[in-house]
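The values are calculated or read from the model by the stated rules, or taken from the named source; none is laboratory data. Here the structure is a predicted model, which is why all the values come from computation and not from measurement. Cβ coordinates were reconstructed from backbone atoms using ideal geometry, including for glycine residues, and neighbour counts include every protein chain displayed.
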């Protein structure tokens, strides 16, 4: 393995609790070189899953968070200057392609559609990356893999992928974990008692029932871990939930009050 | 002097009202005239009397039979005359509640007590519930109950004991007055009641046949059932125990020894393990319940038998549930959803159809196409209306009717000459998806351009020098509804011309559409006229995404005037259409020739106040409104409706179309 991508190796196991047989499916897809797309609501464990898989498969993971401002050269690289003249500098995608790492493009639909077409020749039988500025064709290292993630819930109205981009990927759907498992995850991540973790998870479940009834997304597992963390730091349950779950989720006073009602249904009326 | 003038004005207004009442319904008018002397004695002054006539007229235009019967009993209910606001509320409630039931409506106006809205406490409590309703609806959805509305009970006289919360599968009804609940406990009470209702929906067997069970037995079985479902609910939602506990306040001293008191103490004992009650009946109930819960909390039969045992021992104590029993504590519902009092057994009237009795049609036989003539294809939407005397919205008061888009081919008329309006003044907004590279100045450095420059310098050629970049801007998009008043008055000729008002409106609409309809700006042409609150006709002449081609132009040409101007309803409907669209600017441009009016409204200010409320609601949704009117005396009302600067009075008909262009540019350029 090249020294250039060694720092991207994940040394310790990231905690991950599987929803189904996604580990098996994903390993098989990686084995066959199939580009993968993971989608699901925010804070349900997509990124954690990818980190876990990179650790499991012992491949370096190069992550890139996409945004509207991103240009193709931010992905593939550009010429820079030094004392002698211009030098080519590989972008994160080229780095992964050249030396064989997993390239993970987070929130992929946030990037503009004309930026994302550079991945097209990488994701079919050709497996090449054309660096037009350099006049170079980079053939992908056998270990190179491409993974993208996005959240179909709130983004799809305004932003979407081109069908020609979409069709190159296999897709795994993520959702929030079943109750017992989510309790276990929250308890593990925050070191809170499982009794309190259960109460938090039930608050989240009630909030998820409001999805599409005023809320874009319910309370996520990530928010639960945050709230549980505050409770471990001996913040009262009501305050922890208000700070880490209710207030960030909505600005609407009616929904805010309803969410506090769900907290009350688990932890009792606030003194 | 001025007092005297004022007096005459009031008298004149009263005369006016009476005259219009006579036009609406002769019979009511004669009844009112007959008891006028008595009314004059009862009413404070002529202003009050005029308000009273308003209420009668309000009922008269809708239901003449009711107004006549109301007028005849007026002198026998003097208390109604002392509080006219309450009388008006009561009349509106009656018209709303029995919209389609003429018999019940007549009964309501002939016999019901008009003072049901007079109690201030009740009104405050009801208003508080209405304010909380959206929040409570979300709270209920959190328990997985999505198709249940929250409503208030029907109003009742203040001296009666308010009913309990009442459940049905579709509606949860709350009492209008909450007795014995502190103001700061109200929200908790609402939540407790909803959580209890959710527990019923989740764990109770609903609508069991009640059979011949005695009311005392039903009440006690229900009490045990309430405790059982709360016990189950607390397993999933532990915080509810404390929430419900707030309202379990019965003690030996406060609740007493009659059966409702004992029942309240038992309810508390079943809820709260720290509460000790020495009464033998309560203790036996608690023991039986604890044992049954430990055995199997889902075994409904076992719990029913506890209720039965309790009823028997109550019988031995000669204790019965009184008629007006309300389950305690207050958050609990009347448990009517648990029982089906009149179960219908349909086993016997099942019809058995044998094949012999069925006639078969020949396969070849020509089947005439289904007749669609009787099906009403029109789309109806309901909107509220603002009652400025009561400061309330009357829910679902007006019906806006839209015809289906007809498929008739229209003859096209020659294209009208139009003036192009310059609208290049529009604002632009930053769009990060547009990127401008290689600029001489900009917000940030363009890295690629810098490298090119450096290469040029080192290779000894002249560098370009343009090394900046910034984000581009795009035009703001707008959605504009041109709302045309097509009432009867628009058929008259505009002063000093040989063109009708409607034709002037049409040319203004054409001008706006031709000048503005583009990729960013979408213009829709709508028109409206009304014939009472049940028929506000609304027509889409051109939709937002439709080209202004032959068909919409022909629709516009064919537009004829007729009927009245219920402006508020039209504005609400236009706002609803606009709020479904995504655009940076949303604008309603109202073209009209006079003030709002309708056949079923006799009060002068009512429709003006309603239109003004509709404008406020629109602006709360980010929709701007602007009015162009040909009425020279419009100052009096148009400012009240649209606000200080959002109207233009075109006193010259020829300039109307030109003004329209200016107005719309003003609207979308800032």
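For the condition within 21 Å of residue B:140 (Cα to Cα) and away from chain A (no Cβ under 13 Å), what is the one hit in B:174, B:190?
Sole residue among the options that is within 21 Å of residue B:140 (Cα to Cα) and away from chain A (no Cβ under 13 Å): B:174.
So that you can scan it fast, the table gives a plain yes or no per residue for (1) within 14 Å of chain A (Cβ to nearest Cβ); (2) surrounded by 21 or more Cβ atoms within 10 Å (Cβ to Cβ); (3) on the phi > 0 side of the Ramachandran plot:
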{"position": "B:231", "(1), (2), (3)": "no, no, no"}
{"position": "B:234", "(1), (2), (3)": "yes, no, no"}
{"position": "B:238", "(1), (2), (3)": "yes, no, no"}
{"position": "B:242", "(1), (2), (3)": "yes, no, no"}
{"position": "B:246", "(1), (2), (3)": "yes, no, no"}
{"position": "B:262", "(1), (2), (3)": "no, yes, no"}
{"position": "B:272", "(1), (2), (3)": "yes, no, no"}
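Kindly indicate which of A:138, A:186 is closer than 30 Å to residue B:236 by Cβ and modelled with pLDDT of 90 or more.
So the residue among A:138, A:186 that is closer than 30 Å to residue B:236 by Cβ and modelled with pLDDT of 90 or more is A:186.
Kindly indicate whether residue A:124 is loosely packed, with under 13 Cβ neighbours inside 10 Å and part of a loop (DSSP other than H, G, I, E, B).
yes
Identify the residue in region B:432-451 that is assigned to a strand (DSSP E or B), under 54 Å from the mean Cα position of the chain (by Cα) and surrounded by 13 or more Cβ atoms within 10 Å (Cβ to Cβ) and, among all such residues, is farthest from the other protein chains (Cβ to nearest Cβ).
That would be B:436.
Could you tell me which residue of region A:65-113 is nearest to the other protein chains (Cβ to nearest Cβ), considering only residues that are without any contact (Cβ under 8 Å) to a residue 40 or more places away in the chain and loosely packed, with under 15 Cβ neighbours inside 10 Å?
Looking at residues that are without any contact (Cβ under 8 Å) to a residue 40 or more places away in the chain and loosely packed, with under 15 Cβ neighbours inside 10 Å, I get A:81.
When only residues in region B:509-525 that are over 34 Å from the mean Cα position of the chain (by Cα) and at pLDDT 80 or above count, which is surrounded by the fewest Cβ atoms within 10 Å (Cβ to Cβ)?
B:514
Taking residue B:488 as meeting all but one of (1) closer than 30 Å to residue B:563 by Cβ; (2) buried (at least 16 other Cβ atoms within 10 Å of the Cβ), write down the number of the exception.
(2)
Among the residues of region A:212-231, is any crowded, with 19+ Cβ neighbours inside 10 Å, outside any loop (DSSP other than H, G, I, E, B) and within 14 Å of another protein chain (Cβ to nearest Cβ)?
Yes, region A:212-231 contains a residue that is crowded, with 19+ Cβ neighbours inside 10 Å, outside any loop (DSSP other than H, G, I, E, B) and within 14 Å of another protein chain (Cβ to nearest Cβ).
Would you be able to tell me the number of residues in region B:192-223 that are more than 20 Å from residue B:248 (Cβ to Cβ) and either in contact with a strand residue (DSSP E or B) (Cβ under 7 Å, 6 or more places away or on another chain) or at pLDDT 95 or above (or both)?
Qualifying residue count, region B:192-223: 5.
Would you tally the residues in region A:1-38 being without any contact (Cβ under 8 Å) to a residue 60 or more places away in the chain, out of contact with any helix residue (DSSP H, G or I) (no Cβ under 6 Å at 6 or more places or on another chain) and exposed (fewer than 15 other Cβ atoms within 10 Å of the Cβ)?
Residues in region A:1-38 being without any contact (Cβ under 8 Å) to a residue 60 or more places away in the chain, out of contact with any helix residue (DSSP H, G or I) (no Cβ under 6 Å at 6 or more places or on another chain) and exposed (fewer than 15 other Cβ atoms within 10 Å of the Cβ): 14 in total.
Take the residues of region B:193-209 that are touching a helix residue (DSSP H, G or I) at 6+ places or on another chain (Cβ under 6 Å) and surrounded by fewer than 19 Cβ atoms within 10 Å (Cβ to Cβ): which is nearest to the other protein chains (Cβ to nearest Cβ)?
B:203
Residue A:171: more than 10 Å from chain B (Cβ to nearest Cβ) and touching a helix residue (DSSP H, G or I) at 6+ places or on another chain (Cβ under 9 Å), yes or no?
no
Does region B:233-254 contain any residue that is in contact (Cβ under 8 Å) with a residue 12 or more places away in the chain, farther than 23 Å from residue B:182 by Cβ, part of a helix (DSSP H, G or I) and over 35 Å from the mean Cα position of the chain (by Cα)?
no
Condition first: part of a helix (DSSP H, G or I), farther than 18 Å from residue B:83 by Cβ and either modelled with pLDDT of 80 or more or more than 35 Å from the chain's Cα centre (by Cα) (or both). Can you find one or more residues in region B:42-57 that meet it?
Yes, some residue in region B:42-57 is part of a helix (DSSP H, G or I), farther than 18 Å from residue B:83 by Cβ and either modelled with pLDDT of 80 or more or more than 35 Å from the chain's Cα centre (by Cα) (or both).
I'm trying to understand the selection: among the residues of region B:473-496, which are under 19 Å from residue B:654 (Cβ atoms), assigned to a loop (DSSP other than H, G, I, E, B) and either at pLDDT 80 or above or in contact with a strand residue (DSSP E or B) (Cβ under 6 Å, 6 or more places away or on another chain) (or both)?
Within region B:473-496, B:492 is the sole residue that qualifies.
Considering only region A:36-51, I want to know if a residue exists there that is over 21 Å from residue A:5 (Cα atoms), more than 12 Å from chain B (Cβ to nearest Cβ), outside any loop (DSSP other than H, G, I, E, B) and over 18 Å from the mean Cα position of the chain (by Cα).
no
Looking at (1) within 21 Å of residue B:396 (Cα to Cα); (2) more than 9 Å from chain A (Cβ to nearest Cβ); (3) touching a helix residue (DSSP H, G or I) at 6+ places or on another chain (Cβ under 6 Å); (4) part of a helix (DSSP H, G or I), can you tell me which one residue B:115 breaks?
(1)
Could you please give the count of residues in region A:174-210 that are within 10 Å of another protein chain (Cβ to nearest Cβ), outside any helix (DSSP H, G or I) and in contact (Cβ under 8 Å) with a residue 12 or more places away in the chain?
Total meeting the criteria: 1.
Just give me the residues in region B:301-339 being surrounded by 17 or more Cβ atoms within 10 Å (Cβ to Cβ) and touching a strand residue (DSSP E or B) at 6+ places or on another chain (Cβ under 9 Å), in sequence order.
Residues satisfying the conditions are B:327, B:330, B:331, B:332, B:333, B:334, B:335, B:337, B:338, B:339.
Would you please list the contacts, defined by Cβ atoms under 7 Å and residues six or more apart or on different chains, that run from a residue in region B:21-41 that is outside any helix (DSSP H, G or I) to a residue that is modelled with pLDDT of 80 or more and surrounded by fewer than 19 Cβ atoms within 10 Å (Cβ to Cβ)?
What qualifies is B:25/B:64.
Suppose the filter is touching a strand residue (DSSP E or B) at 6+ places or on another chain (Cβ under 8 Å) and more than 14 Å from every other protein chain (Cβ to nearest Cβ); does residue B:110 pass it?
Judged against the criteria, residue B:110 is not a match.
What residue, among those in region B:300-340 that are part of a helix (DSSP H, G or I) and out of contact with any helix residue (DSSP H, G or I) (no Cβ under 7 Å at 6 or more places or on another chain), is nearest to residue B:198 (Cα to Cα)?
Across region B:300-340, the extreme among qualifying residues is B:336.
It is to be established whether one or more residues within region A:236-247 are surrounded by fewer than 22 Cβ atoms within 10 Å (Cβ to Cβ), away from chain B (no Cβ under 11 Å), over 19 Å from residue B:243 (Cα atoms) and touching a residue at least 24 places away in the same chain (Cβ under 8 Å).
Taking every residue of region A:236-247 in turn, none turns out to be surrounded by fewer than 22 Cβ atoms within 10 Å (Cβ to Cβ), away from chain B (no Cβ under 11 Å), over 19 Å from residue B:243 (Cα atoms) and touching a residue at least 24 places away in the same chain (Cβ under 8 Å).
Which residue is farthest from residue B:198 (Cα to Cα), if the candidates are limited to region B:120-150 and must be more than 14 Å from chain A (Cβ to nearest Cβ) and crowded, with 19+ Cβ neighbours inside 10 Å?
B:122
Please enumerate the residues belonging to region B:560-580 that are touching a residue at least 12 places away in the same chain (Cβ under 8 Å), over 18 Å from residue B:612 (Cα atoms) and assigned to a loop (DSSP other than H, G, I, E, B).
B:560, B:561, B:562, B:563
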